[in-house]
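Here, each number is a calculation from the coordinates, and none is a lab measurement. Small disclaimer: the values here were computed from a predicted structure and weren't measured. Heads up, the Cβs are rebuilt from the backbone with ideal geometry, glycines too, and the neighbour counts pull from every protein chain shown.
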Amino acid sequence: MSSQNALALLSAIIVDDEFHGRENLKKILENYCQDVKVLGCADSVLSAKELVDKHQPDVVFLDINMPVLDGFDFLEEYADRNFLVVFVSAHDQFGINAVKVGAEDYLLKPVNIKELKQTVKKLQYLKTKKGSVEIIQPTDRLVLPASHGFEVLEFDDLIRLEADGSYTKVVVKDGKNKMVSRTLKDFEDTLPKEVFFRIHKSHLINLRHIKEYLNLSGIFVTMTDGSKVEISRRKAPEFIQKIRAVLKTV
C-alpha cells in the first residue's frame, strides 16, 4: 500500500462567527486538502455543538474569539471528546492555553496554505496511528511562545533555565537554546517541583541533568551540557534533600 493510500480521510466542521472566516477556510480545504471533507460550518458554540453531536467529525477547526461563548467554552462541553482540535485564530496569545486543552495545532489567520497542509498531514497521522482519533494530553511538556505560534518541549529536554532580567534563557539538550519573554519565577511556578529546583535566584535546573556536585570554594553543580551553575548557600540543604529523592540515594 502506498503512503498516499495509507493516509486517513478526515471529516471536519468549521466553527467561526465570521462568515468570511468560515468560507475562506472551507474553500482552502476543498481546493488544497482533498482528504478533508467539510461536513458543515457553525457560527457559534451552540450551533457547533449541534453539528458535532450530529456528524461526529474527526476534526474541528475552531475559532477562539466569538461572542457570548468562545472556543475554550466549546471544548469544556466535551471533557472526553473523540475529535481532534485545530484552533484557527487571528491572535497568537492563546497558544499556551490551546496546548493546555489538548489542541493538536494552532493556525494563525490569514491561514497559510502550506501550514494548513502540514497540519492536515499531522491530523491524518494521528487518526491512522491507532485506527481512531487520538487526543494529545500534554502533561509532561512545556509550551513556549514562538514567532508564529508556540513550541512544545518535553520536560526531559530541558537542562536548565537562567534569568536574564524579565527574560529567561531556556537551555535544552539539542543546543538550540531559547530566549523567552517570561520571568524565571513564571517557570518555577509552572514546572514540577519534584524535578525542577531553583538553586539560585538566577538559576532553575532539571535535577535529572546534574552530572557533578562540587563543594570547594563554593557550591556548584555541573550539568549535562557542561555548564557550571552556582548553588546559593541558603538553598544548599534543600537541594541535597531534593537530589537524594531524585537519585534515590541516602
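A few points about this structure:
- Entry note, segment 147-247: relative contact order of 20 percent, from Cα contacts under 8 Å with a spacing of 6+ residues.
- For the pair Lys228 and Glu188 in one chain, pulling the backbone fully straight at 0.36 nm per residue adds 12.4 nm over the alpha carbon distance.
- Sorting Val15, Val120, Val101 by the number of Cβ atoms found within 10 Å of their own Cβ, with the fewest placed first, yields Val101, Val120, Val15.
- Charged side chains reduced to their Cβ positions (Lys and Arg at +1, Asp and Glu at -1) give segment 147-247 a dipole of some 400 debye around its Cα centre.
- Phe72, Phe187 arranged by Cβ crowding within 10 Å, fewest neighbours leading: Phe72, Phe187
- If you wrap the tightest convex hull around every Cα atom of segment 147-247 and split its volume per residue, you get 102 Å³.
- Degrees, to the nearest 10: 45-55 long Cα axis against longest axis of the chain: 70 degrees
- Phi angles of segment 168-183 translate, via the Karplus equation with coefficients 6.51, -1.76, 1.60 and θ = phi - 60°, into HN-Hα couplings of 9, 8, 9, 9, 10, 4, 7, x, 8, 5, 10, 10, 10, 7, 9, 7 Hz per residue; Gly and Pro are given as x.
- Karplus-derived 3J(HN,Hα) values for segment 213-228, using 6.51 cos²θ - 1.76 cosθ + 1.60 with θ = phi - 60°, are 10, 10, 10, 10, 6, x, 10, 9, 10, 9, 9, 5, 8, x, 6, 10 Hz; glycine and proline are entered as x.
- Candidates Ser47, Ser202, Ser217, ranked by Gaussian network fluctuation over the chain, Cα under 10 Å, top entry: Ser217
- Volume per residue of the C-alpha convex hull in segment 3-129, rounded to whole Å³: 100 Å³
- Value of relative contact order over the chain, rounded to a whole percent, pairs C-alpha under 8 Å and six or more apart: 11 percent
- Using Cβ point charges alone (K and R +1, D and E -1), the dipole size of the chain about the Cα centre works out to roughly 1300 debye.
- Most positive-pole-ward Cα, Val38, Pro110, Phe19, against dipole of the chain from beta carbon charges: Pro110
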